[in-house]
Amino acid sequence: RLPILAVVGRPNVGKSTLVNRIIGRREAVVQDVPGVTRDRVFYDADWNGRSFQLVDTGGWDPDAKGLGGSIAAQAEIAVGLADAVLFVVDATVGITDSDEAVVRILRRSDKPVLLAANKVDDLRQEGEAASLWQLGLGEPYPVSGLHGRGSGDLLDAILAAL
Ligand code: GDP
Ligand code: MG
């Protein structure tokens, strides 16, 4: 089977936008309102001649234990099924309580974790991305899912981890 990358993070950080950027198509549904659900969550992707599968966990949206609880539950499932995890943070907002809950799960896991500091649309925002080193998840990759900025470096790191 193809290696699986799970994309986790709270609603509205830009997971689906980043997934579309990586797969090179507009299939993941991007929404301005948090918590949008969708049927399909598995996508095929290629980078530098290697194939892998992406799982956009935003589509699960169990919403059972409130927002923070459901995101944490998604992260648990994602860590279980994936070969590597892409944790997406909104660099323009910084770390929230729901992000922290996910971080605890990811730190416990033995799967490789890539940290994407999304919405870094230009150079001025890179400082905010650098502050995410404090999460203890390794190097934060500044990216703009919307414009594609930094996505090549992130993909190189993803393939090295898968
Ligand atoms: P998700 O809930 O994590 O899947 O987030 P979405 O991909 O649906 O995006 C939520 C909102 O953030 C949408 O309005 C996107 O257009 C916006 N967004 C996503 N990525 C970026 C980015 O890199 N830069 C900016 N400025 N906005 C973004
Ligand atoms: Mg989404």
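Assorted remarks:
- Of residues in the range 1-40 being of a type in the set (S, T, Y) and modelled with pLDDT of 90 or more, the one surrounded by the fewest Cβ atoms within 10 Å (Cβ to Cβ): T17
- Tally of residues being assigned to a helix (DSSP H, G or I) and touching a strand residue (DSSP E or B) at 6+ places or on another chain (Cβ under 7 Å) across the range 93-122: 3
- Pairs, first free of Cβ contacts under 8 Å to residues at least 60 places away in the same chain in the range 130-151, second away from ligand 1 (no atom under 14 Å from the Cβ) and assigned to a loop (DSSP other than H, G, I, E, B), C-beta under 6 Å, six or more apart: none
- Within the range 11-28, residues that are more than 17 Å from V120 (Cα to Cα) and without any contact (Cβ under 8 Å) to a residue 40 or more places away in the chain have Cβ atoms under 6 Å from residues that are of a type in the set (S, T, N, Q) and within 12 Å of ligand 2 (Cβ to nearest atom) in these pairs: R26/N20; A28/S16; A28/N20, counting only partners at least 6 apart in sequence or on another chain.
- Exclusive hit being more than 28 Å from E27 (Cβ to Cβ) and within 16 Å of ligand 1 (Cβ to nearest atom), set R108, R124: R124
- Condition check for R124 on (1) within 12 Å of V13 (Cα to Cα); (2) without any contact (Cβ under 8 Å) to a residue 12 or more places away in the chain: one failure, at (1).
- Failed item in (1) modelled with pLDDT of 85 or more; (2) touching a Gly at 6+ places or on another chain (Cβ under 9 Å); (3) under 19 Å from L154 (Cβ atoms); (4) surrounded by fewer than 20 Cβ atoms within 10 Å (Cβ to Cβ), with A130 passing the rest: (2)
- Some residue of the range 117-125 being surrounded by fewer than 16 Cβ atoms within 10 Å (Cβ to Cβ), at pLDDT 90 or above and under 15 Å from the mean Cα position of the chain (by Cα): no
- Hey, D99 within 15 Å of the chain's Cα centre (by Cα), within 19 Å of S16 (Cβ to Cβ), at pLDDT 85 or above and acidic (D, E) or not: yes
- Residue in the range 83-92 that is modelled with pLDDT of 90 or more, assigned to a strand (DSSP E or B) and not aliphatic (A, V, I, L, M) present: yes
- Any hit, the range 44-53, residues being modelled with pLDDT of 80 or more and assigned to a helix (DSSP H, G or I): no
The values are calculated or read from the model by the stated rules, or taken from the named source; none is laboratory data. The structure displayed is predicted, hence computed values, not measured ones. Ideal geometry is used to build each Cβ from the backbone, glycine not excepted, and the neighbour counts take in all protein chains shown.
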